[in-house]
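Below is one structure, written out as structure tokens, with a few remarks after it.
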Amino acid sequence: MTWQPKYTITNRLIATMRRIGEATGEIKTLGLSPNALARLELEARALSTHASTSIEGNPLPLTDVKRLIKAGPVHIRDTEREVLNYNKALQKIYADAKSGTFILNAATMKSVQAIVVDELMDNPDHVGKIRQEPVLIRDPRRPDSVVFIPPNHEDVARMFKELATFINDHGDEIDPIILAGIFHRQCVIIHPFMDGNGRTTRLLTTAILGQGGLDIFEIFAFENYYNRNISRYFQAVGLKGDYYELEAGIDFTAWLEFFADGILDELRRVRGIIPIDAPIRLEEHHRRLLTYIGEHGSISQREYGQISNRSLAARKQDFQKLLALDMIERKGGGRSIYYVLSDQ
């Protein structure tokens, strides 16, 4: 029997996913220059590194994280090494996801964890290796209080394989945001390592988003939302009690809503820091569309399809870009929507 997560696609989740698509489309239609994209990527990488390590208790402020990433010093404290390790792993994740070489499996998970905890653990058997002993998750405010008992270590390899199989087998059927959210929570629940679980999970989640089609994943840091809402994050992603007593009733719905909220929040932050006067790049198909409206007074989706061999999805993005730039206006409604030149 294959593993199947329990979740419901709620109206709230549908609405958030739609807004994510709109926010992504708006950012992509800005036609940012390579230099502008590079600056946004550097900012996002520093913010991801700071947020993800801060979630685990690292005290370094964002300014110090940026300085460390830029300088790359050799003689460092553990708090600084944790930051540099995460940044190194994040760069690898970016490269693998962007090139299409990322493969979600146990070997990848172990290699990422090995980078995350490099020179931070006393026992080498805990580096790049699935845990071989039980663990207890305690309340950081009350160390004597056990919050969650994860699965037995004998079950970890099987459970992660089932999780990876589900993600890999449903890449063409389920939205990457849903898949990434499911992976994130289930990997936290499995708790495959003695240390580095949260950081490793968030890194692999980034890769799933990137390889799944969210192709601006390099310029936003969803971990930032978790760090700013850390109590809600731990409450939403975790469980309380013994895994085997909770297993049958685990439902991912509330977590997926929180996860999608975080991505939307971060996309809006990114859009907010992009200068209004960012360089605009219009392609030939955009000019053809504008010329048609100038000659005929308006254009519909059907009419655009008659003068362009671009796919329906690409044509929709063309309209979104020109709408975002205030070059055209939408008129009508339903099947009668058409577009005219903006007064601007």
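Bear in mind that the values in this text are calculations on the coordinates, not laboratory data. Quick caveat, the model's predicted, so the values are computed rather than measured. Cβ sites come from the backbone with ideal geometry, for glycine too, and all protein chains shown count toward neighbours.
Could you sort 115-121, 236-242 so that the peptide with the highest average Cβ count within 10 Å comes first and the rest follow in order? Don't jump to the answer; show the numbers that get you there.
On the way: 115-121: 18.4, 236-242: 15.4.
In decreasing order of mean packing, 115-121, 236-242 become 115-121, 236-242.
What length, rounded to one decimal in nm, is gained on full extension from Ser308 through to Val74, with 0.36 nm per residue of separation minus their alpha-carbon distance?
Numbers: separation 234, 0.36 × 234 = 84.24 nm, distance 5.54 nm.
Length difference between fully extended and current span is 78.7 nm.
For segment 77-118, divide the Cα radius of gyration by the Kirkwood radius and give the resulting Rg/Rh value with two decimals.
1.03
Under a crude label model (7 Å from the Cα following the beta-carbon direction), how far is Trp3 from Ser342 in nanometres?
Distance between label points: 4.7 nm.
Run down the aspartates and glutamates and flag those whose C-alpha is under 15 Å from the C-alpha of Lys6, throwing out any fewer than 8 positions away in its chain.
Lys6 reaches Glu162, Glu247, Asp251, Glu257.
Under the rule of -39500 (n - 2.57) per DSSP H run of 4 or more residues, summed and divided by the residues of the chain, what mean residue ellipticity at 222 nm is obtained, to the nearest 500 deg cm²/dmol?
-19000 deg cm²/dmol
Sort 14-27, 69-82 by the packing proxy (mean of other Cβ within 10 Å over each peptide's residues), most packed first.
The densest-packed peptide leads the list: 14-27, 69-82.
Rounded to the nearest 10 degrees, what's the angle between the helix 62-71 long axis and the longest principal axis of the chain, both from Cα atoms, 0 to 90?
90
Ranked by Cβ crowding within 10 angstrom, fewest neighbours first, how are Phe217, Phe148, Phe183 ordered?
Placing the least packed residue first, the sequence is Phe148, Phe183, Phe217.
Between Arg138 and residues 5 or more places away or on another chain, which pairs have amide H atoms under 5 Å apart, with H built 1.01 Å from N, and which residues are they?
Residues meeting the amide H criterion: Val147.
Across the Cα atoms of segment 284-341, what radius of gyration and what greatest pairwise Cα-Cα distance (Dmax) are found, in Å?
Cα only, segment 284-341: 10.2, 28 Å (Rg, Dmax).
Tell me the Rg and the Dmax, in Å, that the Cα atoms of segment 1-151 produce.
Looking at segment 1-151, its Cα Rg and Dmax stand at 19.2, 54 Å.
Restricting attention to the alpha-carbon atoms of segment 93-167, what are Rg (one decimal) and Dmax (integer), both in Å?
15.0, 46
Say each of His296 and Arg39 gets a label point 7 Å from the Cα, pointing the same way as Cα to Cβ; how far apart are those two points in nm?
3.9
Can you pull the percent of Cα pairs in segment 142-200 with separation above 20 Å?
That tail contains 33 percent of the Cα-Cα pairs.
State the Cα centre-to-centre distance between segment 193-257 and segment 44-77 in whole Å.
20
Counting every Cα pair in segment 56-95, what percent are over 13 Å apart?
Values: 394 of 780 pairs.
Roughly 51 percent, rounded to a whole number.
Hey, got the dipole for the chain? About the Cα centre, +1 on K and R Cβ, -1 on D and E Cβ, debye to the nearest 20?
I would put it at about 840 debye.
Please compute the length gained on full extension between Ile174 and Thr63, using 0.36 nm multiplied by the number of residues separating them and subtracting their Cα-Cα distance.
36.2 nm
Show log10 I(q)/I(0) for the chain at q = 0.08, 0.11, 0.14 Å⁻¹, two decimals, from a solvent-free Debye sum over equal Cα scatterers.
-0.45, -0.79, -1.15
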